[in-house]
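Following: one structure in structure tokens, then a few remarks.
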Amino acid sequence: MSVIQHLAGQKVLVVDDMKSMRSLIKACLVDLGIAMENIAEAADGRSAMSIMQTKRFDLIVCDGDMPRMDGLELLKAVRADERLASQRFLMLTANTHAGKVGLAIAAGVSDYIAKPFKPDTLQTKVSRLLTPKAAA
């Protein structure tokens, strides 16, 4: 299976409180080869947790700063749930303060990107997280 075929079948959950940012991230994922029907979205961490109760994802792409349940709280909830604990998690954050990033790393984030970001930066990180090590 080629990397492109592999990516097409990957399921991604995009979590951001800004609809425009979710749309941008989804467009980047589709450009990368991920099928639109395999991309779900949530406006906050609570909604994301609800979706993850019934659907499985290969990657969560999540904003760090959101109302109701922020990205760090969602990450901690995912890592605390034995069914979700190994979930790959990419955090997007405008707050690159070392303490905040350190908390995400300590909580087990797979990778992170500082906002604003370039689409190719997002695509590179997503591709790295979703590509099997043997194919890399």
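Read the figures in this text as sums done on the coordinates, not as results from a lab. Because the structure is a prediction, the values reported are computed rather than measured. All Cβ positions, even for glycine, are placed from backbone atoms using ideal geometry, and neighbour counts span all protein chains on display.
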Sites ALA94 and ALA8 - FRET efficiency at Förster radius 41 Å, r taken between beta-carbons, to 0.05
0.85
Name the shape class, rounded, prolate or oblate, that the alpha-carbon gyration tensor gives for the range 70-130, where a ≥ b ≥ c are the square roots of its eigenvalues, rounded holds for a/c under 1.5, and otherwise prolate holds if a/b is larger than b/c and oblate otherwise.
oblate
Count the lysine pairs in the range 1-127 whose Cα atoms sit under 15 Å apart, keeping only pairs 8 or more residues apart in sequence or on different chains.
7
Three-way shape label, the range 1-69, alpha-carbon gyration tensor, a/c 1.5
oblate
Calculated from backbone phi, Karplus (6.51, -1.76, 1.60) coupling profile of the range 81-94 in Hz, x at Gly/Pro
8, 4, 6, 10, 3, 8, 4, 6, 9, 10, 9, 10, 9, 7
First measure r as the distance between the Cβ atoms of ALA35 and THR121, then evaluate 1/(1 + (r/R0)^6) with R0 = 22 Å and state the FRET efficiency to the nearest 0.05.
0.50
When the Kirkwood radius is taken over all Cα pairs of the chain, what Stokes-Einstein diffusion coefficient follows at 37 °C and 0.692 mPa s, in µm²/s?
222 µm²/s
Around ASP111, which amide H atoms from residues at least 5 apart in sequence, or from another chain, sit under 5 Å from its own amide H, with H modelled in the peptide plane?
PHE89, MET91
Placed amide H near GLU41: partners under 5 Å, 5+ positions off or other chain:
VAL14
Between ALA114 and ARG68, take the C-beta separation as r, use R0 = 22 Å, and let me know the FRET efficiency to the nearest 0.05.
0.45
Compute the separation of the alpha-carbon centres of the range 112-128 and the range 1-70 and state it in Å as a whole number.
13 Å
